[in-house]
Amino acid sequence: MINALGLLEVDGMVAAIDAADAMLKAANVRLLSHEVLDPGRLTLVVEGDLAACRAAL
């Protein structure tokens, strides 16, 4: 099966934690990584099948 990646950029650590929690509970995806872009801005990367990534985002 081919997996898709979903990227979400958020402002703030609390928002990133809330977003990651909601994405992981909403769909069958796993959190691959997070990256701090600027102080206070983060990117979350999730992996799953295409439908799951769309549902998570």
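Summing Lys, Arg as +1 and Asp, Glu as -1, what charge do residues with Cβ under 14 Å from the Cβ of Val45 carry, Val45 excluded?
Numbers: positive: Arg30; negative: Glu9, Glu35, Glu47.
Taking every other residue near Val45 into account, the sum is -2.
Geometric descriptor of the chain, per residue, is 58 Å³ (volume of the convex hull of the Cα atoms). Rounded to the nearest 10 degrees, the inclination of helix 13-26 to the longest alpha-carbon principal axis of the chain is 10 degrees. About the centre of its Cα atoms, region 4-56 shows a dipole size close to 180 debye [charges on the beta carbon of Lys, Arg (+1) and Asp, Glu (-1) only; nearest 20 debye].
FYI, it's all coordinate maths here, none of it is from the lab. What you see is a predicted model; the values in this text were computed from it and never measured. When we count neighbours, we look across all protein chains shown, and the Cβ atoms used for this are built from the backbone with ideal geometry, even at glycine.
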